[in-house]
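Peer 1: Following this message is one structure expressed as structure tokens.
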Amino acid sequence: MARLALITGGTRGIGAAVARALKDAGHPAVVNYHADEACADAFTDETGIPALKWDVSDGEACRAGVEAIEAEHGPVEILVNNAGTVADNKFENMTDDQWQRVVRVNLDSVFYMSKAVYPGMMERGWGRIVQIGSMNGQAGQLNQVNYVAAKAGMHGFTKALAQEGAKHGITVNTVAPGYVDTYLMRNMPERITQKIIDKSPIRRMGYEDEVAHAVLFLVDDKAAWTTGSTITMNGGTHMY
Amino acid sequence: MSRVALVTGGTRGIGAAISLALKNNGCQVAANYGANDEAAERFHEVTGVAVYKWDVSDFAACEAGVAQIEADLGPIDILVNNAGITRDGTLQKMTPDRWQAVLDTNLGSCFNLCHATFPGMRARKFGRVVNVGSINGQAGQYGQVNYAAAKSGIHGFTKALAQEGARHGITVNAVAPGYVDTDMVRAVPEAVLEKIVASIPVGRLGRAEDIARAVLFLTADDADFITGSTISVNGGHHMY
């Protein structure tokens, strides 16, 4: 069954792969993005997937964004909270602003976006919410107290909302990828990416498509009994 | 690509659903069973899946069983360690026999069958091992020190073998079902079962097919970055 899907941060990296995969699986997709208009235009030209611009850390903007999408395309039945940002720094050097920005974009956005789509999902008795968590939210990482706290918080959010959504046919799950070969990683110094690869039993980074594959699994009609779960995919780097 | 799959305890309950799902997905499936000839024959008649009888707690029998299947169908690419039994009792009343039977069948079988199939998977640089764990191995359960220890052991086994298999194209993962509507769960007294269902957020027991699709997901050729992971499928009953 075709379900309208909304992916935040969906014009680049993992989010773009998720949007493409959902579209290929027959789900009409709409993506959100925040800053890079040229990238968003190119993505829409190539895929035909509409891209709407708003800041997911702004609750009012999230409500308005969802309203605009639902007015044009119908109810959002699948929400993928993928938008994320990093602002790495040693704890002693991390500024209030670096903390706030990462927690707001990565975690507050999950609250705002889920809140905007949840009442409709409840009413219709069906919904799928998938968070893109992170291995670093499970295992911790130096220079990332902000990112790790936000991603770990996502996992807590998932489990709590899963409890509430269960009786309404809404599942809430998380995919927790390890290091994935995205534009973010390609900007890192090679000696660091090589270290990451050496630490991974599979000896490579993940591919964006592999994360998308897990999202597809979770949003399926048949995945109704899987809720509050985390699918970890990290090539064996972190097993818990 | 047509893969040969072995599912232990594959003629009833969750195992039967896994055997069937793999077959419908194009695999050649061998379903092992331990005792119930009648159920195995019926399963074979209905589905056409080849059935093989041996005791998975017996190392030599596992070697012989694998050799027979490989002679009949070809090398085993996918191994699903699903066979399991319960012999519940509080610690005080639990006899060494009950402890040993559950440990040998539920956990020893994983060793026996991985031992028999791993060298071939290594040589061919492809393998998918999925161990069926349990919510009770994650959360513990009154009256099940044997079952919880064995299932918890499966999760440890999974993570260790994942480390060894990673560089050889072999992934090792676990699926941890909650309470699924099978003969094993139907044997639970009704009053107890009612309480269990009441504590499952999704509000129902799982179906064997709910578990089978998680196994399909993990055994796919393109799931090669997922290793050492556990997918919980429990209706939100236990989130960790």
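Peer 1: Considering only A:Y33, A:P50, A:Y118, whose Cα is most displaced toward the positive end of the charge dipole of segment A:33-133, charges sitting on Cβ of Lys, Arg (+1) and Asp, Glu (-1)?
Peer 2: A:Y118
Peer 1: Straight distance only, please: which aspartates and glutamates reach the Cα of A:K167 with their own Cα at less than 17 Å, same-chain residues fewer than 8 apart left out?
Peer 2: By straight Cα distance, A:K167 reaches A:E77, A:E123, A:D221, B:E194.
Peer 1: Enter the accessible area per residue of chain A (Å², integer; probe 1.4 Å; all protein chains in place).
Peer 2: About 43 Å² of surface per residue is accessible.
Peer 1: Kindly report the accessible area of segment B:168-223 per residue (heavy atoms of protein chains, probe 1.4 Å, no ligands, DNA or RNA), in Å².
Peer 2: For segment B:168-223, the solvent-accessible area averages 41 Å² per residue.
Peer 1: Determine the shape class of chain B: with a ≥ b ≥ c the square roots of the Cα gyration tensor eigenvalues, call it rounded for a/c under 1.5, and otherwise prolate if a/b is greater than b/c, oblate otherwise.
Peer 2: Cα axes put chain B in the rounded bin.
Peer 1: With the contact rule set at Cα under 8 Å and sequence spacing of 6 or more, what percent relative contact order holds for segment A:43-137?
Peer 2: 37
Peer 1: Tell me the GluC sites (Glu not before Pro) within segment A:39-84 that lie in a loop according to DSSP and have at most 12 other beta-carbon atoms within 10 Å.
Peer 2: Listed in order of number, the matching sites amount to none.
Peer 1: What part of the accessible area of chain B, given as a whole %, is carbon or sulfur when the probe is 1.4 angstrom?
Peer 2: C and S fraction of accessible area: 52 percent.
Peer 1: From the backbone phi of segment B:212-224, what are the Karplus-calculated ³J(HN,Hα) couplings (6.51 cos²θ - 1.76 cosθ + 1.60, θ = phi - 60°) in whole Hz, Gly and Pro given as x?
Peer 2: Running phi through 6.51 cos²θ - 1.76 cosθ + 1.60 with θ = phi - 60° gives 4, 6, 5, 5, 4, 4, 6, 8, 4, 4, 8, 9, 6 Hz.
Peer 1: May I pose another question? Hey, what does the equivalent ellipsoid look like for segment A:1-75, semi-axes from the Cα gyration tensor as sqrt of 5 times each eigenvalue, largest first, whole Å?
Peer 2: Its equivalent ellipsoid spans semi-axes of 18, 16, 10 Å.
Peer 1: I would also like to ask the following. Within a Cβ distance under 14 Å of B:L73, other residues only, what is the Lys/Arg minus Asp/Glu net charge?
Peer 2: -1
Peer 1: Sorted from largest down, what three extents in whole angstroms do the Cα atoms of segment A:1-159 have along their principal axes?
Peer 2: Ordered largest first, segment A:1-159 gives principal extents of 48, 36, 28 Å.
Peer 1: Would you kindly derive the ³J(HN,Hα) couplings of segment B:20-26 from the backbone phi angles with the Karplus curve 6.51 cos²θ - 1.76 cosθ + 1.60 (θ = phi - 60°), listing them in order in whole Hz, with x for Gly and Pro?
Peer 2: Karplus-based 3J(HN,Hα) across segment B:20-26 equals 5, 5, 5, 4, 5, 8, x Hz.
Peer 1: Sticking with this one: Tell me which residues come under 5 Å, amide H to amide H, from A:M233 once H is placed; ignore anything under 5 positions away on its chain.
Peer 2: Result for A:M233 returns A:A176, A:G178.
Peer 1: Something else: Over the alpha carbons of segment A:139-227, what is the largest minus smallest coordinate on each principal axis, giving the biggest first in Å?
Peer 2: Cα extents, longest axis first: 49, 27, 22 Å.
Peer 1: Just name one of A:T95, A:S109, A:I132: the one whose Cα is farthest towards the positive end of the charge dipole of segment A:90-160 (beta-carbon charges, Lys/Arg +1, Asp/Glu -1).
Peer 2: In segment A:90-160, that residue is A:I132.
Peer 1: Starting from the Kirkwood radius over alpha-carbon pairs of segment A:80-192, derive D by Stokes-Einstein at 4 °C in a medium of 1.567 mPa s and give it in µm² s⁻¹.
Peer 2: The estimated diffusion coefficient comes to 87 µm²/s.
Peer 1: OK, next. Below 8 Å, C-alpha to C-alpha, sequence gap of six or more: please give me the relative contact order for chain B in percent.
Peer 2: 19
Peer 1: Just need the Rg to Rh number for segment A:89-142, please, alpha carbons only, Kirkwood Rh.
Peer 2: 1.14
Peer 1: Looking at this model, which pairs from A:K199/B:K23; A:K159/B:K159; A:K159/B:K125; B:K23/B:K159; B:K23/B:K151; A:K195/B:K125 are more than 29 angstrom apart at the alpha-carbon?
Peer 2: Distance filter (> 29 Å) returns A:K199/B:K23; A:K159/B:K125.
Peer 1: Step by step: find N for the protein assembly as shown, compute 2.2 N^0.38 Å, then divide the Cα radius of gyration by it. What's the final number?
Peer 2: The value comes to 1.00.
Peer 1: Here's a follow-up. Send over a whole-number figure in Å² for the accessible area per residue of segment B:18-150, probe 1.4 Å.
Peer 2: 46
Peer 1: About the Cα centre of segment B:1-130, what is the dipole size in debye to 20, counting +1 per Lys and Arg Cβ and -1 per Asp and Glu Cβ, all else neutral?
Peer 2: 520
Peer 1: If I take every Cα pair under 8 Å that is 6 or more residues apart in segment B:29-125, average their sequence separation and divide by the length, what percent do I get for the relative contact order?
Peer 2: 29
Peer 1: Of chain A, which part is the longest with no trypsin sites (Lys or Arg not before Pro) in a loop (DSSP not H, G, I, E, B) and with at most 15 other C-beta atoms within 10 angstrom?
Peer 2: A:91-202
Peer 1: OK, next. What's the magnitude of the charge dipole for the protein assembly as shown around its Cα centre, counting Lys and Arg as +1 and Asp and Glu as -1 at the beta-carbon? Answer in Debye, nearest 20.
Peer 2: Its charge dipole is roughly 840 debye.
Peer 1: While we're looking at this one, here's another question. Based on Cβ point charges of +1 for Lys and Arg and -1 for Asp and Glu, what charge dipole magnitude is obtained for segment A:1-105 about its Cα centre, in debye rounded to the nearest 20?
Peer 2: 320
Peer 1: How many Å² of accessible surface get buried when B and A come together, counting both sides, probe radius 1.4 Å, rounded to the nearest 100?
Peer 2: Counting both chains, the buried surface is close to 3100 Å².
Peer 1: Still on this structure, I have one more. Summing Lys, Arg as +1 and Asp, Glu as -1, what charge do residues with Cβ under 10 Å from the Cβ of A:A40 carry, A:A40 excluded?
Peer 2: -2
Peer 1: Please report, as a whole percent, how much of the solvent-accessible surface of chain A comes from carbon and sulfur atoms (probe radius 1.4 Å).
Peer 2: Result for chain A: 51 percent of the exposed heavy-atom area is carbon or sulfur.
Peer 1: Lys and Arg at +1, Asp and Glu at -1: add these up for the other residues within a Cβ distance under 9 Å of A:N146 and post the number.
Peer 2: Residues near A:N146 contribute 0 overall.
Peer 1: From the Cα gyration tensor of segment B:1-74, with a ≥ b ≥ c the square roots of its eigenvalues, which class applies: rounded if a/c is under 1.5, or else prolate if a/b is larger than b/c, or else oblate?
Peer 2: Oblate, since a/c reaches 1.5 and b/c is not below a/b.
The values are calculated or read from the model by the stated rules, or taken from the named source; none is laboratory data. Keep in mind the model is a prediction, meaning the values are calculated, not measured. Cβ atoms come from the backbone with ideal geometry, glycine included; neighbour counts cover every protein chain shown. Calculation scope for accessible area: heavy atoms of the full protein, side chains included, ligands and nucleic acids excluded. Shrake-Rupley method; radii C 1.70, N 1.55, O 1.52, S 1.80 Å.
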